[in-house]
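Worksheet for the structure shown next.
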Amino acid sequence: MAKDARFLGLDISTTAVTAGVRGVHGEEDLAAIPMRGTRAWHGQPAIESDTLPPMLAEALQQFEQRGWSFAEPGDLCASVRQHDMVLLGASGEVLIPFITWQCHAATAEVEQLRKLGAEQTVGRIEPRFILPKLKWALNLEPALAGQIRRVMTTGDYMALQLTGAARLSASDALSNGLLNQKTKELAVSAFRMAGLDPAWFPVPIPSGAPVGKVAAGQAAGAWRKVAETLQGWTVRAGLGDNHAGGVGSGLADRETVVLSLGSSGTVIRRCRPDAQLRGNAARFEYFEDSLLLEMLADCAVWYDRFVRAYNTQGLAYDELNQLGIRAGIADLRFVGQAHTDQGWREVYPADWDSLSLGARVLSTQSSIAVHVLRLTKDLLGEVCDTGVPPIQRFVITGGLSRSPLIQSVLQAGLRRLIPDCRVLVSSRQGPLANKGAVLGALFTAMVGTPGYPDLPSVIRQLCTLHEVQAPAVAPEFQQGLEAFLGANV
């Protein structure tokens, strides 16, 4: 018997296209297709545009093979890797591959825009943002300026192919220096500082607002198969992946901070769009609010690197976790990080080689947690306004957060920062558990439909949380952990 799909959440990441579906009766399912089409453009990371529609079609086909039907129109939304740059020509053709967030080549352009004062309008600028990255691309290939008709993100490009409507999702546009941070209108003055034509950029649209309905007649080439499957579905303006991760983790108010320990570690909170900030955090859109973000570039990636180097016995992750919990607290060491030409690398203590595997697990997991706690401490002081609601809850999510030791260190550290806070983790079960970005897109697609009038109502019903239950440890272990946190956070 067919399961009727009602909502679809997509996550277009650097590594995969992942789709989450929810049926009319609450059934859920997941499909993931590894990313294809990676390449380089002028030596910088990029992805070929023509690989996206076949991957989406393959995910939908997997659902159909499991008995799902998309015949009745529903609502869909996408979380997209932030900072992808899409350039289209006069006939809608893609001019160059999608330049991804991993491109950090626009350093000179960032410095120039900062000196011109662009950050006063668009907020903090980084080399991975579209505003400086487009200027960098035009400096490399000046002829592109005469060919460009539209500049957008990957999520906007997908919506255009399915609906025929060209809009610029505020979530990703604000995280790319394309909108005025206060008005959420096109940053025309910043475009002119960069020598860019404001006419290239579509009209902005709030995240989650309807872009249009899927029309197979509008779709061409490989997109037609996707459009035929989703004919009549409503496409909602997409989210940047950090925005979506916050939604999927339960960030419903300004009193909550989310700590996500995925491949990279992020700490995020909400604030008013007109809030006065210290300027240390990146600032993105979060519906009617702003999203403040601090990032640890290597988080679970760091731990996986450690496992590959030191887990010579081939133990499972749960077994390593138990070794770390049972290790002697006297062997706990702080592991630092330093940036090199090859990226972030660990700075180990002098006696590292003499430590047992359990002590190394204890030290590595505890140090990762400390680095995240440092970012959290910084983010707690980011908003300068008086009368800001105090932070009351911390939500821990992401793959590495499932470690009992990580949970224990974070709980102890967070309660040092805010003694009366609640520290929560997801209680969600099923195929979409721990898929924060997919859930964020799915939840956004649900807002405003029957039974889900607003985002808090969706989160209350579908994003269940419970208090962290730290593992039982000896008093001396807890005392040693407190001393470690006191010295390093």
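The values are calculated or read from the model by the stated rules, or taken from the named source; none is laboratory data. Being a predicted model, the structure only gives us computed values, none of them experimental. Glycine also receives a Cβ, built like all others from the backbone with ideal geometry; neighbour counts cover every protein chain displayed.
Checked against (1) touching a residue at least 24 places away in the same chain (Cβ under 8 Å); (2) surrounded by fewer than 20 Cβ atoms within 10 Å (Cβ to Cβ); (3) on the phi < 0 side of the Ramachandran plot, Gly117 passes all but a single condition, namely (3).
Quick one: is Pro34 touching a Gly at 6+ places or on another chain (Cβ under 7 Å) and surrounded by fewer than 17 Cβ atoms within 10 Å (Cβ to Cβ)? No, not satisfied. Of all residues in the stretch 350-394, those being loosely packed, with under 14 Cβ neighbours inside 10 Å and free of Cβ contacts under 8 Å to residues at least 60 places away in the same chain number 7.
Every condition in (1) free of Cβ contacts under 8 Å to residues at least 60 places away in the same chain; (2) over 15 Å from Val383 (Cβ atoms) is met by Ala244 except one, and the failing one is (1). Going through (1) surrounded by 15 or more Cβ atoms within 10 Å (Cβ to Cβ); (2) on the phi > 0 side of the Ramachandran plot one by one, Gly279 falls short only on (1).
Per the conditions (1) farther than 30 Å from Ala199 by Cα; (2) out of contact with any strand residue (DSSP E or B) (no Cβ under 8 Å at 6 or more places or on another chain); (3) not basic (Lys, Arg), the sole criterion not satisfied by Gly20 is (2).
A single entry from Leu162, Leu144 fulfils the requirement of being farther than 17 Å from Trp200 by Cα, touching a strand residue (DSSP E or B) at 6+ places or on another chain (Cβ under 9 Å), outside any loop (DSSP other than H, G, I, E, B) and in the same structural domain as Asn180 (by TED's automatic domain parsing): Leu162.
Take the conditions (1) surrounded by fewer than 22 Cβ atoms within 10 Å (Cβ to Cβ); (2) closer than 24 Å to Gln218 by Cα; Lys135 misses just one of them, which is (2).
Considering Ala359, Ala309, the condition of being on the phi < 0 side of the Ramachandran plot, touching an Asp or Glu at 6+ places or on another chain (Cβ under 7 Å) and not assigned by TED's automatic domain parsing to the domain that holds Asp253 is satisfied by Ala359 alone. Against the condition in contact with a helix residue (DSSP H, G or I) (Cβ under 9 Å, 6 or more places away or on another chain) and among the small types (Gly, Ala, Ser), how does Ala472 come out, does it pass? Answer is no for this residue. Only residues that are among the aliphatic types (A, V, I, L, M) and in contact with a Leu (Cβ under 8 Å, 6 or more places away or on another chain) were counted across the stretch 204-243, and they come to 8.
Does the stretch 272-292 contain any residue that is over 24 Å from His339 (Cβ atoms), in contact with a helix residue (DSSP H, G or I) (Cβ under 6 Å, 6 or more places away or on another chain), among the charged types (D, E, K, R) and not assigned by TED's automatic domain parsing to the domain that holds Ala166? Yes: one or more hits.
Within the stretch 36-91, the residues that satisfy the criterion of being within 25 Å of Pro431 (Cα to Cα), small (Gly, Ala, Ser) and assigned to a strand (DSSP E or B) are Ser69, Ala78, Ser79.
Taking the stretch 318-337 as the region of interest, how many residues are closer than 30 Å to Trp101 by Cβ and exposed (fewer than 15 other Cβ atoms within 10 Å of the Cβ)? Qualifying residue count for the region: 1.
The strands (runs of 3 or more DSSP E) located wholly in the stretch 285-378 that include 2 or more residues which are more than 30 Å from Ser207 (Cβ to Cβ) occupy 336-340, 343-347.
Annotation: of all residues in the stretch 311-329 being of a type in the set (A, V, I, L, M) and in contact with a Gly (Cβ under 7 Å, 6 or more places away or on another chain), the one that is nearest to Glu482 (Cα to Cα) is Ile329.
Residues that are more than 18 Å from Ala297 (Cα to Cα), touching a residue at least 12 places away in the same chain (Cβ under 8 Å), hydrophobic (A, V, I, L, M, F, W, C) and in contact with a helix residue (DSSP H, G or I) (Cβ under 7 Å, 6 or more places away or on another chain) do not occur anywhere in the stretch 335-348.
Each row is one residue, and each column tells you yes or no for (1) surrounded by 24 or more Cβ atoms within 10 Å (Cβ to Cβ); (2) closer than 25 Å to Leu400 by Cβ.
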residue	(1), (2)
Ala159	yes, no
Gly195	no, no
Val214	yes, no
Ala222	no, no
Gln231	no, no
Gly250	yes, yes
Val258	yes, yes
